[in-house]
Every structure is written in structure tokens, then in C-alpha cells.
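See below for the structure under consideration.
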There are 2 protein chains.
Amino acid sequence: MKRLGRHILAEFTGCDSELLNNLPAIESILKEAARQAEATIVDSVFHRYNPHGLSGVVVIAESHISIHTWPEYGYAAADVFTCGQQVDPWKACHYMKEKLACADMDAREINRGIPDSEDEILPHKPAGADHVADRVT
Amino acid sequence: MKRLGRHILAEFTGCDSELLNNLPAIESILKEAARQAEATIVDSVFHRYNPHGLSGVVVIAESHISIHTWPEYGYAAADVFTCGQQVDPWKACHYMKEKLACADMDAREINRGIPDSEDEILPHKPAGADHVADRVT
């Protein structure tokens, strides 16, 4: 595989249920997780559902971090997708585990890229390229 | 596992490179993919990078659909995360494959939920609950 990205899928269980319903707290945790991974935050969206649960996505120049919470089960599903060699998705993951007061994290890393190609690790963009934040919605 | 969601990770290769750099077209494809899956769109963010490549996320009431494109390789990484029994994430996936003029799709479905629990399939929210779109950023 020509690897272009690393994608961590994490199941957080035994979390603080009140926290999983606290939108400003979850937003703050996800954004700080991005910083911990040394990612560049581009934009974010957060939503609260009725009667409970949140969804949040932080778009980073290196891909995204998302979370969906089920406070009723003390459970959150997160994913951290990063590209490039500068960013460590596990730093974001472990930061979230700690801040969600999570009793157990079951996480797996999946390589993303072009299958059936010679093994190679490629950056997302030429080094030093800046992102252009064209917000359209 | 107590399954709460289905997460498809798809590698789209041999895509139309110009299309992968066309922000309005990709936005339209992702939103229509959500509708094809019978998901409810809550919000979305799309960004173009310099010199090329896009990131887009559509937050749906049932979780999210994301895409990150590498036009220089004719490649896009997508993920479709859904919960509940009403939404079929594969419909979104196949719709994207077709519209991206993708030569090959390598996709896998991963169950998301609470590990080490009795096998059970649970909805995200009580049936009929409406989402509350609290936009905070």
C-alpha cells in the first residue's frame, strides 16, 4: 500500500456520562486533542442531540478528529485520521481517553492509502504548503 | 460487542483528478450521498488546500460522512459512520464511488460499539427523538 494516512478508531467505555453530554467541554477536549497531536485546526462543528448525545468533528489540515457520544452507555466512538509525518494521532487519542475519564479504550490503527501499490509512505501535501480555508457552508 | 454503529472506510482509487479538486462538486456529492443513505444532514464543512486536495465532512444525525482527496494520485479516502437501523451506509459509499468516476473501491465495514459486551444491536437514540442543532462554532 502507498500509505497516505493513519486512521485510529477508538471505543471509549466507562466514561463520565455527564461529560459526554457537555458540549463545550467535549469541544474543548477535541480541539486540545488536535493541538496535542500537533495538528492544525481548520474548522469544527459540534451538535447536541435530543434527549442526549453529541457529535463533534474538528477538521484539521491533516484530515479530521471526530467523536460521537452515547452518555446513556458511558460510551464514545472517536476517530483520528491524520496524514503527514509531523502529526501523531495517538497523542490525540490518549489525550481524549484521559480527559473523558474513560475506564477503557479499545483502539486500532488502520493504514489509509492506495491499495495494491508498492509500499511507500507519502505526505499529503508538499512540505510547507499552507492550507486555504475556503469555507463554503 | 454491543453494536451502536457501522463504520465504512473506503479507499477510492483511479478517480477523476479534476473532480477531486472541485469543491462545490465534492460538497454536492457528499450531501447527496447522505440523502441516498436516508440520513439527516445536520451540518457540513468543506475546505480546499493549497496547492490541491480537499477535506469535507457532513455531520448527519446518524454520525458523519467524510472525504479527504489527493487529486495528484486520483485518490480519495472516505468514511461513512452511521448508527440506527434506518440508514444504509453502503448506499452512500456506492453513490460516492459512482459519482467520483472511481475505477476501484476498496472498502471495509467495522462495527463500532462497546467491546466485551453481550452481542446486541442498539439504536443511537430512542426512536423518534429529534436532534437539536446547537451550533457552537
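The values are calculated or read from the model by the stated rules, or taken from the named source; none is laboratory data. What you are looking at is a predicted structure, and each value in this text was computed from that prediction instead of being measured. Neighbour counts are summed over all protein chains in view; Cβ atoms, including those assigned to glycine, are modelled from backbone coordinates with ideal geometry.
The set of residues in the stretch B:53-76 being touching a Gly at 6+ places or on another chain (Cβ under 9 Å) and more than 14 Å from A:VAL59 (Cα to Cα) consists of B:ALA61, B:GLU62, B:SER63, B:TRP70, B:PRO71, B:GLU72, B:TYR73, B:GLY74, B:TYR75. Using the structure shown, decide if B:ILE65 is aliphatic (A, V, I, L, M) and closer than 30 Å to A:GLU120 by Cα. So B:ILE65 passes the test.
Of all residues in the stretch B:55-92, those satisfying the criterion of being more than 7 Å from chain A (Cβ to nearest Cβ), surrounded by fewer than 24 Cβ atoms within 10 Å (Cβ to Cβ), over 11 Å from the mean Cα position of the chain (by Cα) and within 26 Å of A:ARG3 (Cα to Cα) are B:PRO71, B:GLU72, B:GLY74. Taking every residue in the stretch B:29-44 that is within 18 Å of A:VAL45 (Cβ to Cβ) and pairing it with any residue that is among the charged types (D, E, K, R) and part of a helix (DSSP H, G or I), at least 6 positions away or on another chain, the pairs with Cβ-Cβ distances below 9 Å are B:ALA33/B:LYS91; B:ALA33/B:LYS99; B:ILE41/B:LYS31; B:ILE41/B:ARG35; B:SER44/B:GLU27; B:SER44/B:LYS31. Scan the stretch B:126-134 and give yes if some residue there is in contact with a Leu (Cβ under 8 Å, 6 or more places away or on another chain) and modelled with pLDDT under 95, otherwise no. Yes, the conditions are met somewhere in the stretch B:126-134.
Annotation note: of A:HIS7, A:HIS52, A:HIS47, the sole residue that is in contact with a Phe, Trp or Tyr (Cβ under 7 Å, 6 or more places away or on another chain) and facing another protein chain (nearest Cβ under 9 Å) is A:HIS7.
Looking at the stretch B:30-52, is at least one residue crowded, with 20+ Cβ neighbours inside 10 Å, among the β-branched types (Val, Ile, Thr) and out of contact with any Gly (no Cβ under 8 Å at 6 or more places or on another chain)? Yes; the residues of the stretch B:30-52 include at least one that is crowded, with 20+ Cβ neighbours inside 10 Å, among the β-branched types (Val, Ile, Thr) and out of contact with any Gly (no Cβ under 8 Å at 6 or more places or on another chain). Consider the stretch A:7-43. How many of its residues are within 14 Å of A:ALA78 (Cβ to Cβ) and either more than 11 Å from the chain's Cα centre (by Cα) or in a helix (DSSP H, G or I) (or both)? Going through the stretch A:7-43 one residue at a time, the tally reaches 15. Restricting the stretch A:1-20 to residues that are within 15 Å of A:SER66 (Cα to Cα) and of a type outside the set (Lys, Arg), which is surrounded by the fewest Cβ atoms within 10 Å (Cβ to Cβ)? Going through the qualifying residues, I end up with A:ILE8. For the stretch A:105-122, residues that are modelled with pLDDT of 95 or more and either farther than 30 Å from B:GLY74 by Cα or among the hydroxyl-bearing types (Ser, Thr, Tyr) (or both) total 2. Here A:ILE65 does not qualify as touching a helix residue (DSSP H, G or I) at 6+ places or on another chain (Cβ under 6 Å) and without any contact (Cβ under 8 Å) to a residue 24 or more places away in the chain.
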